[in-house]
Amino acid sequence: MDRKKSAIIPLLAGVLLLTACSTPPEQEALSMNGMYFDTVVQVRAWGATQDIMDRCGELCAYYEGLFSATIDTSDVSKINRAHGQPVTVSEETAELIETGIAYGELSDGRFDITIASASALWDFTENTEKVLPDGDAFREAVSHIDYRCVRVEGNTVTLTDPDARLDLGGIAKGYIADRLKAYLESEGVEHALIDLGGNMLALGSRYDGTDFTIGIQKPFARTGTVMAAVPVSDRSVVSSGDYERYFEKDGVIYHHILDPDTGYPIQNELDQVTILSDASVDGDALSTACFALGLEDGMALIQRLDGVDAVFVTKDGEIHKSSSGLVLEELEE
């Protein structure tokens, strides 16, 4: 396939679907498009009905209503307003929070679902004056970041630190993608591609039996500029990097992946981490955790896990694969 002639569908968070112009037409796919969690969501499915696609949109809205920290009626908002009192939540919310806690343990706290007290004080979208949070209020907020204060008992969630706040944004999209895939499978769909703001999850392969080709965004390049591509069938591809939401001040990049110890953006040798995994929730959490851990420790974590591969991109533009067996085509600029 001539990648330079590929038609590229640009996405937001580091991975892209590549479709060769010379590819024969496939059976027509149905699509669901929408905005959830402030990001573009698209589900493309072959062999589905319109009712199935409509239900995918309903599921996205349902999960956003549970997990969003900006919707007052969500489970997460109720927990954050409870000031340490127990809150009864849905089974899905309890499950997702438990998964977040597990990744806090796995990463030695580098992935932390209580980052919200600090992240709420940063603005990576409308911060035209490039203001950095500081002072006693910021230091106080950082002191309440500790995933170990989250207790889950059945469907009851309690924050033992009354001033802690949950933010499931680093893991929710992966969880929702997995739930969408499970729903499509239950309806007999065998071929689909789920895209939650660049979190890509394939159900099976393309309709013609070939792999999907997923491109990895080149950090800080124009959206749609691909530096490498991976063939994917029935797997997830998720990227995290310092180029997604950021601003630059005095020569320093301030981005949205925060250090739980300081509340400030992680500063290390990495620009991007891409995770390939069976479950998208794992890729979502691990892409953030490994970015926070850095190249050496992040690579060591991936190599301890079964069925997970990673691509690390360092600031010098070098690509580091977690396994020599990982198929990765590096593309010329």
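The values are calculated or read from the model by the stated rules, or taken from the named source; none is laboratory data. Only a predicted model underlies this, so the values are computations on that prediction, with no experimental measurement involved. Positions of Cβ are backbone-derived with ideal geometry, glycine not excepted, and every protein chain shown enters the neighbour counts. These area figures cover heavy atoms from the full protein model, side chains too; ligands, DNA and RNA do not enter into them. Shrake-Rupley method; radii C 1.70, N 1.55, O 1.52, S 1.80 Å.
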Heavy-atom accessible area ranking, 1.4 Å probe, most first, across Leu305, Leu258: Leu305, Leu258
Tell me which label goes with the value of Cα extents along the principal axes in Å computed from the coordinates here: (i) 168, 48, 34; (ii) 185, 42, 29; (iii) 60, 46, 40. (iii)
Relative contact order of the chain (C-alpha contacts under 8 Å, at least 6 apart) in percent is 19 percent
Stretched out fully, how many nm does the piece from Leu106 to Asp72 gain, at 0.36 nm a residue minus the Cα gap? 9.2 nm
Acute angle (nearest 10 degrees) that the helix 50-67 long axis makes with the longest principal axis of the chain, alpha-carbon atoms: 20 degrees
If you roll a 1.4 angstrom probe over the protein chains with everything in place, what fraction of the accessible area of the chain belongs to carbon and sulfur, to the nearest %? 46 percent
What does the accessible area of Phe220 come to, in Å² to the nearest 10, when a probe of 1.4 Å is used? 90 Å²
Sum up the charges of everything whose Cβ sits under 12 Å from the Cβ of Thr88, counting Lys and Arg as +1 and Asp and Glu as -1, but leave Thr88 out. -2
For the range 57-201, what is the convex hull volume of the alpha-carbon atoms per residue, in Å³? 133 Å³
What dipole magnitude, in Debye to the nearest 20, does the chain give about its Cα centre under +1 on Lys/Arg Cβ and -1 on Asp/Glu Cβ? 420 debye
Would you mind counting up the charge near Ala202? Only other residues with Cβ under 13 Å from its Cβ, with Lys and Arg at +1 and Asp and Glu at -1. -3
